[in-house]
Amino acid sequence: MAAAPRPDLLDRLAVQTAERESAQLRRRLRTIEHADGPWLETGGRRLLAFCSNDYLGLAQHPQLIAAFKRVADDEGVGSTSAHLICGHRAEHAMLEEALAAWTGRERALLFSTGYMANLGVLQALLARGDLCVQDKLNHACLLDGAQLSGAELKRYPHADVAAAARQLAARGEAGALLATDGVFSMDGDVAPLHELAALCRREHATLMVDDAHGLGVLGEDGSGSVRAAGLGQREVPVLMATLGKALGCAGAFVAGPAALIDGLMQFARPYIYTTAMPPALAAAALTAVQLAQTESWRREKLTALISRFRTGAVQLGLTLSPSSSAIQPLVLGDTQAAVDAAQALEQQGLLVTAIRPPTVPAGSARLRITLSAAHEEEHVDQLLDALETLRLAPAPG
Ligand SMILES: *Cc1c(COP(=O)(O)O)cnc(C)c1O
C-alpha cells in the first residue's frame, strides 16, 4: 500500500486560519500608537479603553517610570543571562523579598511571564501518574502546564467543589494538585477558595491559586484573593500572580514555602532556561508593589467605579455577571453579536474587546469590560450611554 502523501504543514495551517475567518473567529492585531491613561490612539483615532488589565492605573505612574529610568541608567537594559548564571540582580532580590512579605509567604521566585510561571510550577510539581484537577474556566496556561507535566488532567465544571471532590476521590492514591484562578480572567468572579482549601486538606491534595487578577485589587492591602479569604500559606501553599496586570509592569512570581521555591529553582525549566527580566523592570515592579500597598485610594476608587457601572447597567436592563471585581463581562452568547457590539462601541469612541471561543466556551461570546482606577466617573457614564444605544439582547439561557 502506498503511503499517503505527506501533508504540507503551512498549507494545513492556512486552511485552519481560513476556517477561523469564515466562523468569524479570526483574531486580529491592533497597533496602539499612543497610550495616555485609559485613552489609546489607534488608526489615527483616540479611543477610551475598557479592556486593559491596568486595574490600579499604575502602568504610567511617574514613580514607576523614574525607578525604571534610574536602574536603566545605572545597569543598562538587559539582565544579560538567566537568573542562575549571572542575570539575578539586586533589583530582582529586593522585589522577591517584597512580594513574599506582601503575600505573607516565606519566599517568592520571579518568572519572566505568568504563562511561564504556570508552566514551570506544574511541570516541576507534577509527574506522569499524578492527578491535576482544575476549574474548567482556568486560564489557558494552567491547562497547558498540566498537559506539559504529563499528569492526568481532570477539569471540573466552573466552581463546582463537589465535582472536584469526586475527581480527587476517584484517585486517592495519586499525587494531586488542585489549581484554580483566584479571580477568573474572563468572568471576574472569585473561586470558592474556602471550600477548595477544605477539600484539599481532606484529600491531602496541594492547592494552587493563580491570582493574576486578584493581586493588587482584592484585600485591604491589595495582597490578593487568598489573604482576602482569610487563607495563608498553609492552606494555599502555591500562589502565583503576575506583575503585568494591577501592578502595571510585566513578569510574574510564585510565592510559598522555602521548599517550593528551592525546588522550582532546581526543576522549573521555564525558570532555569530563560533570560531574567530586565533589572529596571524589577525596580519598577518594586515601586508598584509599594504603591499598591500604600495607596489604598486606588482600590477604593476602583470599587466605586465598579458599583457605578453595575448600578447603571442594571438600570439599562443589562444582564451582569456575578462579579465584584474589575472584570465586568457582558455575556452576549452569539459570536456575531459580540463582534457587532464591539464595533458599534468603537464607532462611539470606546474600545472594548469581544472575547470569543476558544478563549471562552462556545455560546458565551462576550464584551469583556474592565475598569481601572485610571478611569473617572464620567468615563463610566460614557460607557453606559453607549451601551444604552446598542439595545443588547441578553444571552439565551
Ligand atoms: C494573564 C494571565 C496569566 C499569564 O500572565 P502573563 O504574565 O501575561 O503571561 C496567567 N494566568 C492568568 C489567570 C492570567 O490572567
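The table below gives the values:
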| read-out | value |
| --- | --- |
| Estimated FRET transfer efficiency when R0 is 22 angstrom, pair Asp74-Asp36 (beta carbons, to 0.05) | 0.20 |
| Length-normalised contact order for the stretch 62-294 - Cα pairs under 8 Å, 6+ apart - percent | 31 percent |
| Quotient of Cα Rg and 2.2 N^0.38 Å for the stretch 62-294, N being how many residues it contains | 0.98 |
| Cα-based radius of gyration of the chain once divided by 2.2 N^0.38 Å, which approximates compact folds | 1.01 |
| Relative contact order (%) - the chain, alpha-carbon pairs under 8 angstrom, separation at least six | 22 percent |
| Neighbourhood charge, 12 Å Cβ-Cβ cut-off, centred on Arg166 and excluding it, Lys, Arg +1 and Asp, Glu -1 | 0 |
| Whole-Å distance, taken between Cα centres, linking the stretch 198-226 and the stretch 90-140 | 12 Å |
| Under 16 Å from the Cα of Lys154 - lysines, other chains or at least 8 residues apart | Lys136 |
| Size of the stretch 209-314 as Cα extents on the principal axes (Å, biggest first) | 50, 34, 25 |
| Contour excess over end-to-end distance, with Cα ends at Ala258 and Ser81 and 0.36 nm allotted per residue | 61.3 nm |
| Peptides 193-200, 266-273 ordered by average Cβ neighbours within 10 Å, highest first | 193-200, 266-273 |
| Options Thr359, Ala49, Gln60, ranked by Cα towards positive dipole end of the chain, top entry (Cβ charges) | Thr359 |
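Every read-out reported here was derived from the displayed coordinates using simple, explicitly stated rules and does not represent laboratory data. Because the structure is predicted, anything quoted here is derived from the model rather than measured. We place every Cβ from the backbone using ideal geometry, glycine too, and count neighbours over all the protein chains shown.
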